[in-house]
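Q: Just passing along the structure, written as structure tokens.
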Amino acid sequence: LAKTTQPISMDSYEGQEVNITCSHNNIATNDYITWYQQFPSQGPRFIIQGYKTKVTNEVASLFIPADRKSSTLSLPRVSLSDTAVYYCLVGDSTSGGSYIPTFGRGTSLIVHP
Amino acid sequence: DAGVTQSPTHLIKTRGQHVTLRCSPISGHKSVSWYQQVLGQGPQFIFQYYEKEERGRGNFPDRFSARQFPNYSSELNVNALLLGDSALYLCASSLRGGSSYEQYFGPGTRLTVT
């Protein structure tokens, strides 16, 4: 099964850029990389998704190197409301065609004033 | 538009009992996935259904089962509850199955087994 590894926690200050890296050494060829944000007592919320190179949307950027064995979520100019747990998710499509997504343990980001 | 809805919000059961959790996907979404999230850990994948067929199954015992109905809503059933089944159960819907489709999560059902 695909396995992801992320830092357990990170601290930052308002207005700074935050980069969270996830390693996924055995990602499958046809799997996408997706990042989610989760606040306490809520379900995860989609942030961004990519397959390779760089993807940018209104809230974040996602950098994926050519070997796709890792990915980096970049949050520009964080605010206090960005304090949350961030998960990277990769799929794992088995040879039988079934799909088993794997969340990491998540990175707890704390943004300080 | 309504998001993913789950019922009940909270549930308390006794060891050995059975529980059924329900999920209604976003309108137009044909895939539903179930996850178990224990406090302090990431969601663990249980099942994915697409077009009423099981498309993926995580490493959970046979006490866990699920199904998807013609209207794409879904049920997760857990038999012979154990204390370790206490967790937040999350349902997520997506347009289709697989990893290339964004998943939208519901608020979850908090299950406590005593």
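The values are calculated or read from the model by the stated rules, or taken from the named source; none is laboratory data. Keep in mind the model is a prediction, meaning the values are calculated, not measured. Virtual Cβ from ideal backbone geometry, glycine too; neighbours counted across all protein chains shown. Note: accessible area is taken over every heavy atom of the protein model, side chains too, but ligands, DNA and RNA are not part of it. Shrake-Rupley method; radii C 1.70, N 1.55, O 1.52, S 1.80 Å.
Q: Which of the residues belonging to the range A:67-79 are open to solvent by less than 80 Å² (accessible area, probe 1.4 Å) and more than 14 Å from chain B (Cβ to nearest Cβ)?
A: Result: A:SER70, A:THR72, A:LEU73, A:SER74, A:LEU75, A:PRO76, A:VAL78, A:SER79.
Q: Could I ask something else about it? Got a sec? Which of A:ILE64, A:ILE8 is within 14 Å of chain B (Cβ to nearest Cβ), among the aliphatic types (A, V, I, L, M) and surrounded by 14 or more Cβ atoms within 10 Å (Cβ to Cβ)?
A: A:ILE64
Q: Is there a residue being more than 14 Å from chain A (Cβ to nearest Cβ) and farther than 17 Å from B:LEU39 by Cα anywhere in the range B:81-100?
A: Scanning the range B:81-100 turns up at least one residue that is more than 14 Å from chain A (Cβ to nearest Cβ) and farther than 17 Å from B:LEU39 by Cα.
Q: Of all residues in the range B:67-90, which are closer than 14 Å to B:GLU51 by Cβ and open to solvent by less than 60 Å² (accessible area, probe 1.4 Å)?
A: B:GLN68, B:PHE69, B:TYR72, B:SER73, B:SER74
Q: Polar (S, T, N, Q) and either under 22 Å from A:PRO44 (Cβ atoms) or out of contact with any strand residue (DSSP E or B) (no Cβ under 7 Å at 6 or more places or on another chain) (or both): is that true of B:SER86 in this structure?
A: Numbers: polar (S, T, N, Q): yes; either under 22 Å from A:PRO44 (Cβ atoms) or out of contact with any strand residue (DSSP E or B) (no Cβ under 7 Å at 6 or more places or on another chain) (or both): yes.
Yes: the conditions hold for B:SER86.
Q: Please find, among B:ARG63, B:ARG57, the residue that is of a type in the set (Lys, Arg) and within 14 Å of chain A (Cβ to nearest Cβ). Can you show your working first?
A: Working: B:ARG63 fails: within 14 Å of chain A (Cβ to nearest Cβ).
Criteria check complete, one pass: B:ARG57.
Q: So, one more: So which residues in the range B:101-114 are open to solvent by 60 Å² or more (accessible area, probe 1.4 Å) and either within 8 Å of another protein chain (Cβ to nearest Cβ) or in a strand (DSSP E or B) (or both)?
A: B:TYR104, B:PRO107, B:ARG110
Q: A further question follows. May I ask you to list the residues in the range A:71-113 that are among the hydroxyl-bearing types (Ser, Thr, Tyr), over 21 Å from B:VAL38 (Cα atoms) and modelled with pLDDT under 95?
A: Hits for the range A:71-113 are A:SER93, A:THR94, A:SER95, A:SER98, A:TYR99.
Q: Quick check on this structure: which one of B:GLY84, B:GLY98 is over 12 Å from the mean Cα position of the chain (by Cα) and over 30 Å from A:LYS52 (Cα atoms)?
A: Step by step, each of B:GLY84, B:GLY98 is checked, and only B:GLY84 is over 12 Å from the mean Cα position of the chain (by Cα) and over 30 Å from A:LYS52 (Cα atoms).
Q: Within the range B:12-31, is there a residue that is touching a helix residue (DSSP H, G or I) at 6+ places or on another chain (Cβ under 9 Å) and either within 24 Å of A:ASP31 (Cβ to Cβ) or within 12 Å of chain A (Cβ to nearest Cβ) (or both)?
A: No, because not a single residue in the range B:12-31 is touching a helix residue (DSSP H, G or I) at 6+ places or on another chain (Cβ under 9 Å) and either within 24 Å of A:ASP31 (Cβ to Cβ) or within 12 Å of chain A (Cβ to nearest Cβ) (or both).
Q: Here are some residues: A:THR29, A:THR56, A:THR34. Which one is loosely packed, with under 12 Cβ neighbours inside 10 Å, under 25 Å from B:SER94 (Cα atoms) and free of Cβ contacts under 8 Å to residues at least 60 places away in the same chain?
A: A:THR29
Q: Shifting gears a bit: Search the range B:32-45 for residues being touching a Leu at 6+ places or on another chain (Cβ under 7 Å) and part of a strand (DSSP E or B), and hand back the single one that is surrounded by the fewest Cβ atoms within 10 Å (Cβ to Cβ).
A: That would be B:GLN37.
Q: Could you check the range A:37-50 and list, in sequence order, the residues that are more than 8 Å from every other protein chain (Cβ to nearest Cβ), under 18 Å from B:SER94 (Cβ atoms) and out of contact with any Lys or Arg (no Cβ under 6 Å at 6 or more places or on another chain)?
A: A:GLN38, A:ILE47, A:ILE48, A:GLY50, listed by residue number.
Q: State all residues of the range B:36-53 that are under 19 Å from B:SER100 (Cβ atoms) and more than 8 Å from chain A (Cβ to nearest Cβ); if no residue qualifies, say none. Reasoning before the result, please.
A: First, pick out the residues of the range B:36-53 that are under 19 Å from B:SER100 (Cβ atoms): B:43, B:45, B:47-51, B:53.
Answer for the range B:36-53, where residues must be under 19 Å from B:SER100 (Cβ atoms) and more than 8 Å from chain A (Cβ to nearest Cβ): B:PHE47, B:TYR49, B:TYR50, B:GLU51, B:GLU53.
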